[in-house]
Amino acid sequence: MRVMISGGGTGGHIYPALALIERMQQRDLLDAVLYVGTKRGLESKIVPDQGIDFKTLEIQGFKRSMNMKGIKTNIKTIQLFLRSVKEAKEMIKTFKPDIVIGTGGYVSGALLYAASRLKVPTLIHEQNSAAGVTNRFLARFVDKVAISFESVSDQFPMHKIVLTGNPRAQQVAGMLPNERLSEFGLKTDSPTVLVFGGSRGAPSINQAFIDAVPALNTREYQVLFVSGRVHFDDVQAQLKTMTLNDNLAVVPYINDMPEILPDLKAIVGRAGATSLAEITALGIPSILIPSPYVTNDHQTKNAESLVKEDAAILIPEAQLTGDKLVQSLDTLFATPDSQQAMAKAAKKMGIPDASDRIIEVINTII
């Protein structure tokens with residue numbers, strides 16, 4: 001089939017789209033694929049590197065402030081949207097897709113709206129437990145809405161909803177332990193936790209780890225700490241005056257992060273949709289520290305979905321300290337039965353065939 005797909009702005013929109021494309025290629029279902037994004041978004045770097053045809057639209061988001069500057073910005077936003085819809089229609093007429101898929105971001109709004117006006121089959125995918133602005137707008141126009149969390153179902157027309165999970169889950173579901181921890185100077189046979197604040201790192205999580213180092217030095221479990229490239233030099237400067245025992249490893253970034261996940265006994269990090277799809281697919285206990293800086297506080301809602309099923313521990317960022325981090329990790333590792341129960345609950349929430357479920361929806365729509 002011929003597929004047009006769009007997801008822009010953040011990795012949370014882009015990686016599920018790429019995971020779905022990969023699975024369709026594995027099943028030999030793609031005759032052609034065209035990814036539509038923006039020049040300035042992360043997708044402009046990631047997608048072409050995957051060898052996928054890529055075109056762009058110029059679009060931006062609305063400003064919530066209604067001062068003169070905000071009003072001018074919003075007028076331009078409307079103008080860009082209307083122009084992008086026109087350009088998207090031309091792309092669609094030229095490419096002739098069997099279906100158009102959106103995974104979030106302003107750019108997908110223009111493409112999916114244009115496709116719906118041209119009566120081309122459409123599907124959107126919502127990764128989070130709180131629906132994004134673009135997907136809420138598109139829900140009235142598209143044929144189906146694929147969701148990852150049941151808790152988001154009340155934000156869309158019920159007759160359009162299909163629970164599919166996040167395609168990233170299927171990418172990691174079959175991964176097995178591979179002793180990658182040795183690359184970081186850690187033992188491959190000791191329980192290990194990853195502390196990770198996202199691709200850019202999170203200052204609050206970094207500081208909590210630094211404050212926790214004296215206590216973590218004395219623990220039997222290992223900690224692999226990823227600071228984020230932007231913060232690595234600052235973290236290293238603070239750690240210079242401290243001793244790090246051989247059960248602790250500090251790195252700026254891990255390029256192939258999913259590959260080390262099967263070697264972990266726990267994860268401490270943000271509650272982005274992609275991360276949660278991965279840890280539930282593999283059944284990894286987690287201590288979640290949702291970012292308070294995201295739209296509609298959706299990471300807290302994501303985390304609460306796991307906490308409600310006893311699959312994770314939630315620490316609000318405002319309450320995060322070094323002592324709190326160590327206390328939570330000690331509790332997790334001191335009670336193997338609870339740890340195993342949490343892992344089982346996380347695995348139960350995972351949807352390891354998410355991409356195949358979406359493909360089934362696609363076939364139904366077409």
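The values are calculated or read from the model by the stated rules, or taken from the named source; none is laboratory data. Bear in mind the structure is a predicted one, so any value in this text is a computation, not a measurement. Don't worry about glycine lacking a Cβ; one is built from the backbone with ideal geometry, like all the others, and counts go over all protein chains shown. These area figures cover heavy atoms from the full protein model, side chains too; ligands, DNA and RNA do not enter into them. Shrake-Rupley method; radii C 1.70, N 1.55, O 1.52, S 1.80 Å.
Could you grab me the full set of residues in the range 251-271 that are open to solvent by 10 Å² or more (accessible area, probe 1.4 Å) and touching a residue at least 24 places away in the same chain (Cβ under 8 Å)?
Here is the first cut: in the range 251-271, the residues open to solvent by 10 Å² or more (accessible area, probe 1.4 Å) are 251-253, 255-259, 262-265, 267, 270.
The answer is Val251, Pro252, Tyr253, Met257, Pro258, Glu259, Pro262, Asp263, Leu264, Lys265, Ile267, Arg270.
Consider the range 325-347. How many of its residues are open to solvent by 60 Å² or more (accessible area, probe 1.4 Å) and in contact (Cβ under 8 Å) with a residue 40 or more places away in the chain?
Looking only at that region, the number is 2.
Can you find a residue that is among the acidic types (Asp, Glu) and at negative phi anywhere in the range 279-300?
Within the range 279-300, none of the residues are among the acidic types (Asp, Glu) and at negative phi.
Considering the range 293-324 alone, what residues qualify as being over 23 Å from Arg136 (Cβ atoms), touching a residue at least 24 places away in the same chain (Cβ under 8 Å) and either touching a Cys at 6+ places or on another chain (Cβ under 8 Å) or open to solvent by 40 Å² or more (accessible area, probe 1.4 Å) (or both)?
Listed by number, the residues that qualify are Glu309, Asp310, Ile313, Leu314, Pro316, Ala318, Thr321, Asp323, Lys324.
Name the single residue that is farthest from Lys301 (Cα to Cα) among those in the range 130-148 being in contact with a Gly (Cβ under 9 Å, 6 or more places away or on another chain) and open to solvent by 10 Å² or more (accessible area, probe 1.4 Å). Reasoning before the result, please.
Pass one, the range 130-148, residues in contact with a Gly (Cβ under 9 Å, 6 or more places away or on another chain): 132-135, 137-138, 142, 146-148.
From what is left, the residues that are open to solvent by 10 Å² or more (accessible area, probe 1.4 Å) are 132-134, 137, 148.
Details: Gly132: 13, Val133: 16, Thr134: 18, Phe137: 20, Ser148: 13 Å.
Of everything passing the filter in the range 130-148, Phe137 is farthest from Lys301 (Cα to Cα).
Has the range 235-249 got at least one residue that is modelled with pLDDT under 90, part of a loop (DSSP other than H, G, I, E, B) and in contact with a Ser or Thr (Cβ under 8 Å, 6 or more places away or on another chain)?
no
Quick one: what pairs do we get from the range 156-180, first residue open to solvent by 40 Å² or more (accessible area, probe 1.4 Å), second part of a loop (DSSP other than H, G, I, E, B) and of a type in the set (Ser, Thr, Tyr), C-beta under 6 Å, 6+ apart or different chains?
The qualifying pairs are Glu179/Thr188.
Filter the range 208-219 down to the residues that are within 19 Å of Asp233 (Cβ to Cβ) and open to solvent by 70 Å² or more (accessible area, probe 1.4 Å) and list them by number. Spell out how you get there, then give the answer.
Just the residues of the range 208-219 that are within 19 Å of Asp233 (Cβ to Cβ), to begin with: 208-211, 213.
Asp211, the sole residue that qualifies.
Out of the residues in the range 187-201 that are surrounded by 16 or more Cβ atoms within 10 Å (Cβ to Cβ) and in contact with an Asp or Glu (Cβ under 8 Å, 6 or more places away or on another chain), state the one that is farthest from Leu320 (Cα to Cα).
Here the residue is Pro191.
Filter the range 115-129 for residues that are over 23 Å from Ala277 (Cβ atoms) and buried (at least 24 other Cβ atoms within 10 Å of the Cβ) and give the result.
Here is the first cut: in the range 115-129, the ones over 23 Å from Ala277 (Cβ atoms) are 115-121.
Correct list: Ala115 only.
Can you pull out the residues in the range 281-292 that are buried (at least 24 other Cβ atoms within 10 Å of the Cβ) and in contact with a Ser or Thr (Cβ under 9 Å, 6 or more places away or on another chain)?
Pro285, Ser286, Leu288, Ile289, listed by residue number.
Here is a check on your reading of the model: is Ala277 surrounded by 15 or more Cβ atoms within 10 Å (Cβ to Cβ) and under 20 Å from Asn128 (Cβ atoms)?
Details: surrounded by 15 or more Cβ atoms within 10 Å (Cβ to Cβ): yes; under 20 Å from Asn128 (Cβ atoms): yes.
The answer is yes for Ala277.
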